[in-house]
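Report on the structure given below.
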Amino acid sequence: MKKYKLQVFIFWFAFTVFVTCLYGVFYLASIGKLGDMPDFRQLENPKTNFASEIISSDNKVLGKYYFNDNRTPIDYDELNPKTVEALIAIEDERFYSHPGIDLKATIRAIVFLNTRGGASTISQQLARQLFVGVRSRNIFQAIVQKIKEWVIAVELEKQYTKEEIITMYLNIYDFGYYGDGIKSAANIYFSKEPKELNIEESAMLVGMLQNSSYYDPFRRTEITKNRRNLVFNQMEKNGFISSKEKDSLKNLPLELNYNPQSHRRGLATYFRSYLRGFMKDWTSKNLKKDGTKYNLYVDGLKIYTTVNAEMQQYAEDAVSEHMKNLQKEFFRQNDTLSTAPFRDLEEDEEEAIMKRTMRRSERWRKMRLAGKTGEEIEEAFEVPVNMTIFSWEGDIDTIMKPIDSIRYYKHFLQAGMMSMNPKNGHVMAWVGGIDYRNFQYDHVMQSKRQIGSTFKPFLYATAIDQLKLSPCDSFPDMIHCIEPYKYGNPEPWCPTNSSDKYGGMRTLSNALANSKNTISAQLIDKVGPKPVADLARNLGVSSNVPNVPAIALGTPDLSVYEMVGAYGAFANKGIYVKPVMVTRIEDKNGTIIYQSKPETKDVLSEESSYVTLKLLEGVTKFGSGARLRHAIPEDERNYIYKNVVTGYPYKFDNAIAGKTGTTQNQSDGWFIGMVPNLVTGVWVGGEDRSIHFEEIGYGQGATMSLPIWGLFMKKCYESETLNVSKEDFEEPEKMEIVIDCSKIKPTDIEDDSDDINDLLGIGN
């Protein structure tokens, strides 16, 4: 009896000591004696890095900015209920009944040494992710970590609801392949939003929570599938699915729809690159309430843009479709050219271009940083190495000298395209090049190229505004010289027509439609170059436009961005609206921290802008843009129509105002087209001006750029959601200038049929 009492005493004494010690350990942990512990402020606002999202006008995520954490938080109601059920079934069956520590599971884990399942609750796993870190291999440190997890888990349960804990856990977990959090993981593995995940997709992702690197669906497909099926077993055990459903689901394969997310992939890559610069500037000038700077890569900003994801996709598809086709022809024509892709260059000029490009390359920069001399680097560029190169048929693994790869990449024609609503300045689409991974120079805003005849509408608009000229007014088609020093030019300026044909009279409409330089010379002599340059500047052109007569032919170097913004005023009753790319910015809590304000300027009268539009409509009806409307029978089409003008015929019959542009030696091809609610500009050319087609039939704007516009607009018009206008441009209520030339009977007006044939390459 005494022995029994002694045993009872010893048991209770030991139990009391154990409980007291355990309480003491918990207490010491809670006050930070076993290592740093988060205070209540950290528990309320755990420090987590969130990616900043770029959101389109149609509410699609275009991309994200992040360093290592591609994480976008979501709310509980954005989760699929099956994801939550799968999580609870496999990770924490008694989640809704315990206070952060599951005593039953803990005792089981201690007794059976974790062989019958672990004891970590979802709350404990969250605590580890947020505050404790990777489990130490040192057993003492591991025990201390476990105790800290328990303490923090209990505190988290006090601070948050069960739903909030689940959401935080799924938001913070790293699923691999930059899938930080359930939203990124759903996007990357299945190209879906979390709410859209089906039960088998939810089960796979939840299964990966045990160890995402081990349960990698790409490298360990079968193991990941077995883990997913274990989730199904647990879901059945907990009554979330039936036995029949379980058996059916377990037979399904892993069906992934991989959508890698990086700064160089995805939609609107060039726009996102521009936006990064915009945000860098904005964050440098706008501070948080506490005086610190916003960090684009960790602060979880939401950047709402004007870009429409659907329209952006159409724009990128149009560029790819035409440029792939055009490039095939460019390669064909350069196949036997010894200096390809360069033309009209002396040997030393060609060598200078190659050396300049070599020294701007990433390979040169890295070798310089490694301490190599210029001579050593040049020698290395002559040694063949393994590399992957771009092609329109897909990337090619090959062995090539780096210097030869430079020449190879020089062959590729580039493109820039921007589309904008002229009423509010919202930029709807932005394509800065043909492939951002390989060609990162942006041809929308960064690149400035000679604009050719696309500048002429500024001249014509000035003449209309100053002189009240009508499209029906006629001018002699003859060489016109401006005498020396009249406008600062030291020598006589006597431009000729590209066709070298003259004679007869040309209406203003006919002259612009056929880009007659003789008429442009007469107009700029009448109004002077300064008012024309001033108009361009008032229309948002910030690049240099000199006050010289030659601007009448489009000698300035301007960007696609500037040209589209300027043309927008013609479609907006003479009011210039500065292009807008960002409508608002929100912080991670949804507070608006930036709201755009429109910047507008009255530049032209409504009448003058409308008359200019009617002139530009003539370009697409009977001028260099007529390809948009006519449909030559297939058996009558020449080689260019059959093989180079991608997507022909377009067969548009609605109001379209537009202008082509072609520069000297066909170095640049332009087309800017307008309908009442959309202005789109396209440029195509080589990286260097010496890279071009030999013949104008191939290198003109109507062949190089117009097809992109045509393909893009056809896709837009087929859309049921975009509502791109097919209406006429709105005529002003009061018109003094005559635009209906049928009411006037001018004499001796030159027939333009031959000009159209020359411009478009119809016939032989």
Out of all DSSP beta bridges with both ends in the chain, state the antiparallel percent to the nearest 5.
90 percent
With r defined as the distance between the Cβ atoms of residue 694 and residue 59 and R0 fixed at 56 Å, what FRET efficiency is calculated, to the nearest 0.05?
0.75
Pick the calculated Rg/Rh (Cα atoms, Kirkwood Rh) for this structure from (1) 0.97; (2) 1.11; (3) 1.08?
(2)
Go through 716-724, 561-569, 303-311 and give me the packing order, highest mean Cβ count within 10 Å leading.
561-569, 303-311, 716-724
To the nearest 10 degrees, how steeply does helix 606-622 sit against the main Cα axis of the chain, on a 0 to 90 scale?
80 degrees
With N residues in region 703-745, Rg(alpha-carbon) / (2.2 N^0.38 Å) equals 1.80
Can you tell me the convex hull volume per residue for region 516-634, based on C-alpha atoms, in Å³ to the nearest whole number?
174 Å³
Mean separation of Cα contacts under 8 Å (at least 6 apart) over the residue count of the chain, i.e. the relative contact order in percent, is 12 percent
Report, in deg cm²/dmol and to the nearest 500, the calculated mean residue ellipticity at 222 nm for the chain, where each DSSP H run with n ≥ 4 adds -39500 (n - 2.57) and the sum is divided by the residue count.
-12500 deg cm²/dmol
Want the number for residue 248 to residue 733: 0.36 nm per residue separation, take away the alpha-carbon distance, what's left?
167.7 nm
Highest mean first, what order results for 328-339, 450-461 on Cβ atoms within 10 Å?
450-461, 328-339
Vicinal HN-Hα couplings computed from phi for region 48-58 (Karplus, 6.51 cos²θ - 1.76 cosθ + 1.60; Hz; Gly/Pro x)
9, 7, 10, 5, 8, 9, 9, 10, 7, 5, 9
Per the charge dipole of the chain (beta-carbon charges, Lys/Arg positive, Asp/Glu negative, Cα centre), the residue among 311, 295, 425 reaching farthest to the positive end is 295
For Cα pairs less than 8 Å apart in space and 6+ apart in sequence, what is the mean separation divided by the residue count of region 414-759, i.e. the relative contact order in percent?
22 percent
Nearest 10, in degrees from 0 to 90: the angle of helix 706-718 to the longest Cα principal axis of the chain is 60 degrees
With N denoting the number of residues in region 414-759, provide Rg(C-alpha) divided by 2.2 N^0.38 Å, to two decimal places.
0.97
What list of ³J(HN,Hα) couplings, whole Hz, do you get for region 221-235 from phi and the Karplus terms 6.51, -1.76, 1.60, once you set θ to phi - 60° and write x for glycine and proline?
4, 5, 5, 5, 5, 4, 5, 4, 5, 5, 4, 4, 4, 5, 5
Mean Cβ-within-10 Å packing, highest first, puts peptides 501-509, 421-429, 217-225, 382-390 in the order 421-429, 501-509, 217-225, 382-390
Of 81, 593, 531, which is farthest on the positive side of the dipole of the chain, counting Cα position, with +1 on Lys and Arg Cβ, -1 on Asp and Glu Cβ, and the Cα centre as origin?
81
Tell me the angle of helix 269-285 to the major Cα principal axis of the chain, expressed in degrees between 0 and 90 and rounded to the nearest ten.
70 degrees
FRET efficiency for residue 97 and residue 317, Cβ-Cβ distance as r, R0 = 51 Å, nearest 0.05?
0.45
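No value in this document is a laboratory result; all are computed from the given coordinates. No experiment lies behind these values; they were computed from the predicted model shown. Ideal geometry is used to build each Cβ from the backbone, glycine not excepted, and the neighbour counts take in all protein chains shown.
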